[in-house]
Each structure stands twice: as structure tokens, then as C-alpha cells.
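All remarks here apply to the structure that follows.
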Amino acid sequence: MIKVTGLSKRYGNYLAVEDVNFEIKKGEIIGFLGPNGAGKSTIMNILTGYLSLTQGKVEIDGFDIAEYPEDAKKRIGYLPEIPPLYIDMKVREYLDFIYDLKKVKFPKKAHIDEILRLVKIDNVQNRLIKNLSKGYRQRVGFAQALIGNPDILILDEPTVGLDPKQIIEIRNLIARLGKNHTIILSSHILSEIQAICKRIIIINRGQLIADDSAENLSKKLSSDRTLVARIECNEKDMLEALSSVKGVAKVTSLGKKEEGTCDFLIEPERDTDIRSAVFDRVVSRGKKLLSLSSNMASLEQVFLRLTEADNDEVRRILGQNEAPTDHKADAETQEV
Amino acid sequence: MLAIFKREFKAYFSTPIGYIVLAAFYFFLGMYFYMIYGYGVPAVHQCIMAMSTVAIFTMPILTMRLMSEDRRQKVDQALLTAPVKITSVILGKFFAAFAVYALAFLPTVIFEIIVASYVSVNILTYLYALLGAMLLGGALIAIGMFISSLTESSVLSAILTLVINILVLYMSNFAEMINISWLSSLMEKAAFVTAFERFGENVFSVVDVVYFLSIIVAFVFLSVRSLEKRRWS
């Protein structure tokens, strides 16, 4: 359905997208994941024909976007980061305009009515867009993308700035649309992408650094089994005691965070669960284990750190199924 | 193109812009007609010829938001990702502004009917003047549209357009101040007002029609390029 080969985009001297390749089959729901400024929007803008490309090729259902822009664009519904709305128009009026603009062939009234119901804005159809809340505007943007019932939907951060209830609604909507559309969705929030997409493409600094199923990716990202323990004890003795636990690779003291206690960062050997062993050792020394938590505060943090690392490092991490090594930083974030 | 035309034309009347422009024209047209009628010179074409000054000040208002607003509100993303050619987007906008401008001259039809019912008139004199006004307006709209496509700020667009309109219309007046003879004679000839005034002299001047039409085509083309260029930068 979508085939991207060797895609690059240069703004003056700045290389925004560098040699990106991927292919998306009909009916797939793909998540574009990356921090702000990674190049997600640029890639989406190129796929939809809004921006030109510097190098490479984009094919939409076999049509090259540069050579047959109209045929390609006909197959795409696009919701940009900021919904493209004429705020001085009424919802219905605006959708009528988009319908005419896209030269849609379906019966006009029935088609627009159906979309209004689908995105649940039929109750505001006669209101001026400028008087609508952000959530409603987002949905009008959604409706605009759906007009003409295109096979492909490209959604740039569709849930940004919405309240939790609206986010869930939009997610459900995407899931429903996913049954008969090919969808590309972008976000800088991992959990959001995980909730909707089966396949995830991670983009960082203009490069594609991972393209894998959501399951595999989260496995790779969450393989870190490092623990943080707070123990009522003497730092030196406990360091020694913990180091000799079977399966423990390395113990680092994080110092005194609470009176009479000490925090430790305990790294296990690869793929080993050392939680009970650590507990037993502490108890056997007659000390009290106050807390024991996974150093993985959230997948979010790992992802964030991944995107802060340079791309080769990230590829190594994802490729080798190895956890990032900078534990100290992570432990600190958890304390916050 | 029709979708864009309809939306832009409607937008002129869902904001005060359309009303302001029409009101200005109707007021001055009415006043001129009253004055010349009072002097016993029932020449509607002279009312039309007097409108060039009004056009200078109102065209920037008519064109200021035409392109810049889309960019500011990011609606251009909907326009440029829809399966339409950039040229038809531009033409739709151009004709919407032009339609409002054309409406501004509607009263002159009534004036002409009133005058014709009292004295015998040469309808061609009126039609030439009207044609001249349409061409002048078309050229000013095309220029304004192009300027509007260069910026995101409609205020900036309006001011720039106003300055440029004064310049192109009254180039002949500035020509006297310039000592370089070829430049001053070029400015003398290229001034819109020189070309426009010939339409008021009851002659059909092909040169001037071609001149204005080529200005329109050139600036419509430049607007297309300006939009196209944004995709590449």
C-alpha cells in the first residue's frame, strides 16, 4: 500500500530525514514513534504530498507521489498535527467544502452524515468551528480526513492536547477505523502507540532506527530487570552481602536517601529474575527490606533515554536485546 | 476550483471584508454619479474611471487574507494534500476576490440604465470603461494575492500591497523625478493609470488589454510558484 525507498529531506543545510525505507501493507496499523523534532511530521507531510522530497521515492498504492500526486492523494486522508480548519466556517459547511474539494463521488448528505456520526460531532454540526473546544476541533479534523473514505489514514499525533476521556475516545475510533483502513499514526508517547498499533517504526534524528512488532519492541525495551532496593542496614556490609547473591552481576550503592537506610542498584545477569534471592539474602542477614522495585519506572523512560542516545547505540540496544547501561540516570528519575 | 471559489467568496461575506470593500465602492460611485449628474454630464464611464483610487485602497483589504490566512491557520495542509492542482487552488481564490470586485461595479449598470432612459448614450463607451476597470482590478488582485502568498501576516500583506499598488498605478508621476530617460519613459508607459485611462477614451486598446492580462497571468503564475516553492524549502 505504501512503499518508501531511500527517503531523504533536506531543509537548507539541515538534513531532517535521512535514507528512510519501509513498506506498509494493506490493513496494517503502524505507529511512528519518536521524540519531538525527530522527523515524524516531515515524513508524514512527504507521504501526503504536502512537502516535496529531496531524495528517494514514495509510492502510494503503486502511484509515485511525485509523478501522480492526484492519484496518490486521492487514497490518503490526512490529519496533520494542527487540524487544518477554517475557523470561520460551521462544521457542516466546512465538511461540505472538503467534500467538494476532494471531488468525492458518494452521495453527499449521507456520506457526511455518516462521518459526523462516526466521529460523534453530529451534535455540533451547525456550530462555528472557532467556538469549538480542542477535542471537538480534533474530531472535525478527523472527519475531514475521513471524507471520501480513503484507504489510507495518516494521523499526526491525533491525541495531543486532549483530556484523558477524549484520548480514549479517539483511540477507540482509530481502532474501529483500523478494521478497514491502513493507518499510520504518530506519537511521541510509547504507551499510546502500543495501545493501538501492531507494528512500530521508531524514528530518531531523521533516521529510522527500528521497525518491529509492538510486542518484540516492548520486550526488547523492557528486558531490563535491574532492581532498586531500599534496605535498613549498614551500607558496606549489605553491599558485600548482595554482591554474593547468585545471579547478581553488579551492585552499586546509591547512598543514603532516608535516615538509617541505604539504596542499592542491583543488576542481574542476563534474563535472570533475582527478586526472591535478593529478598531472602536481606532477611537472612536480619535486615529489613523497605522497598524493592524494578528500575524500569516505565517503558516511557527507557524510550526517552533511547532517543537521547545516539542512533547507533540505540540500534545496538534494540538489535542485541540488551538493556541500556546508564542505570544511574534512570534510578534518579525514579526517585523524582 | 469551484469548491475553493465558493468557500472564499462566502468567506468574504462571513467577515466584514466583503461588506467594507463593497460599501467603499458603492459610496464613492454614488457620490461621483450624483456630482456629475448634478453638473449635467451624465457619463457613467467617468464614474468608473474615478474608481482607480478607491481600488488602490480597497484591493489590499480584499487580497490580504487570501493566501496568508491559510498558512497561518495551517489550512493549506488540507488544500495541498487534497487531490487538486495548486493552479486550481490559486485560480479559485483569484476568481473569488475578482467576483467581489466585479460586484462593486454593479451599481454602474443601474446608472447606465437611468442615464440611457433620458439621453441617448454610446453603450460601448460604458463597456470599454467597465472592461478597463475589470482588467485593472484583476491585475491588482493578482499582485495582492501573490504578496499575500509570501507572508503569514495579513496586515503585512495589506501594507505591502498598498505600497506596491500606489507604485504601479502612479508610476508615471514618479517618472518625472527620475533623470534616467529610458527608465522614466518606461515607468511612464508601464503605469497602470496610463493604460487604464485609455479605456475611458472610448477606444478599444488591444495593447492595454494584453498588458493587463499578462500582468494577471504572470502574478497568478507567481502565486502558484510561491506555494509550490514552500513544498521545496
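The values are calculated or read from the model by the stated rules, or taken from the named source; none is laboratory data. Since the structure is predicted, the reported quantities are computational estimates derived from the model, not experimental observations. Reconstructed Cβ throughout: ideal geometry from the backbone, glycine too, with neighbour counts over all protein chains shown. In case anyone asks, the SASA skips ligands and DNA or RNA and just uses the protein heavy atoms, side chains included. Shrake-Rupley method; radii C 1.70, N 1.55, O 1.52, S 1.80 Å.
Counting only DSSP beta bridges whose two residues both lie in the protein assembly as shown, roughly 70 percent are antiparallel. In chain A, helices alone account for a calculated mean residue ellipticity at 222 nm of -11000 deg cm²/dmol, with every DSSP H run of four or more residues adding -39,500 (n - 2.57). For the stretch B:1-85, chymotrypsin sites (Phe, Trp or Tyr not before Pro) meeting the loop criterion (DSSP other than H, G, I, E, B) and having at most 11 other Cβ atoms within 10 Å: B:TYR39. Distance between the 7 Å Cα→Cβ label points at A:ALA66 and B:ILE110: 5.7 nm. Can you tell which of B:ASN122, B:ASN165, B:ASN179 shows the greatest fluctuation in a Gaussian network model of chain B with Cα springs below 10 Å? In this elastic network of chain B, the residue with the biggest mean-square fluctuation among B:ASN122, B:ASN165, B:ASN179 is B:ASN179. Using the Cβ-Cβ distance between B:THR151 and B:ASN122 with R0 = 56 Å, the FRET efficiency computed as 1/(1 + (r/R0)^6) comes to roughly 0.80.
Remark: C-alpha extents of chain B on the principal axes read 58, 47, 29 Å, sorted largest to smallest. For the stretch A:35-126, the list of GluC sites (Glu not before Pro) that fall in a loop by DSSP and count at most 16 other C-beta atoms within 10 angstrom reads A:GLU67. How much accessible surface area, in Å² rounded to 10, belongs to the heavy atoms of A:SER284 with a 1.4 Å probe? Roll a 1.4 Å probe over it and A:SER284 shows about 90 Å². Here's the picture: charge each Lys and Arg Cβ at +1 and each Asp and Glu Cβ at -1 in chain A, and of A:ILE46, A:LEU33, A:LEU289 the one pushed furthest to the positive end of that dipole is A:ILE46.
For chain A, the longest principal axis of the alpha carbon atoms and the long axis of helix A:134-146 meet at an angle near 60°. Anyone know which of B:VAL54, B:VAL41, B:VAL155 comes out most mobile in the 10 Å Cα GNM of chain B? Of B:VAL54, B:VAL41, B:VAL155, the Gaussian network model singles out B:VAL41 as fluctuating most.
Pairs of C-alpha atoms in the protein assembly as shown farther apart than 31 Å represent 61 percent of all such pairs.
Only Cα pairs under 8 Å and 6+ residues apart enter the sum, and on that basis the relative contact order of chain A stands at 18 percent.
Close amide H partners of A:PHE63, meaning residues 5 or more places away or on another chain with modelled amide H under 5 Å apart, do not exist here. Taking chain B as a Gaussian network, where each spring joins two C-alpha atoms under 10 Å apart, which residue of B:GLY200, B:GLY138, B:GLY30 fluctuates the most? Largest GNM mean-square fluctuation: B:GLY30. Over all pairs of different C-alpha atoms, chain A has a mean inverse distance whose reciprocal, the Kirkwood radius, equals 22.5 Å.
Seen against the Cα atoms of chain B and their longest principal axis, helix B:52-63 is set at about 20 degrees.
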